[in-house]
1. Which members of segment 20-37 meet the condition of being among the hydrophobic types (A, V, I, L, M, F, W, C) and over 22 Å from residue 55 (Cβ atoms)?
2. Tell me whether segment 55-74 contains one or more residues that are in contact with a Cys (Cβ under 7 Å, 6 or more places away or on another chain) and in contact (Cβ under 8 Å) with a residue 60 or more places away in the chain.
3. Would you say residue 17 is modelled with pLDDT under 95, β-branched (Val, Ile, Thr), under 10 Å from the mean Cα position of the chain (by Cα) and on the phi < 0 side of the Ramachandran plot?
Amino acid sequence: MNSLTEIVEEIKNIISTDFGGKKIFDKDVADVLGISQMNFATMKKRGKIPYAELLDFCATKSISINWLLYGQSPES
């Protein structure tokens, strides 16, 4: 399973086009996931993955949760 840091980096890559190519920060990821910046920072520090928020994000972006969490292609 990917670590929270790897998942956050993937989310940053995904949403960078939505932000017009500007640099994406953790606060932007927290906003997209619907988590307060303070709560997100605590989760990141503890390595706690926000599964419910990731599921909602993947559903709205039509992304496979298996790809995000495990790096598996949607075909597998």
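The values are calculated or read from the model by the stated rules, or taken from the named source; none is laboratory data. Please read all numbers here as calculations on a predicted model, not as lab measurements. Positions of Cβ are backbone-derived with ideal geometry, glycine not excepted, and every protein chain shown enters the neighbour counts.
1. Listed by number, the list holds a single entry, 25.
2. yes
3. no
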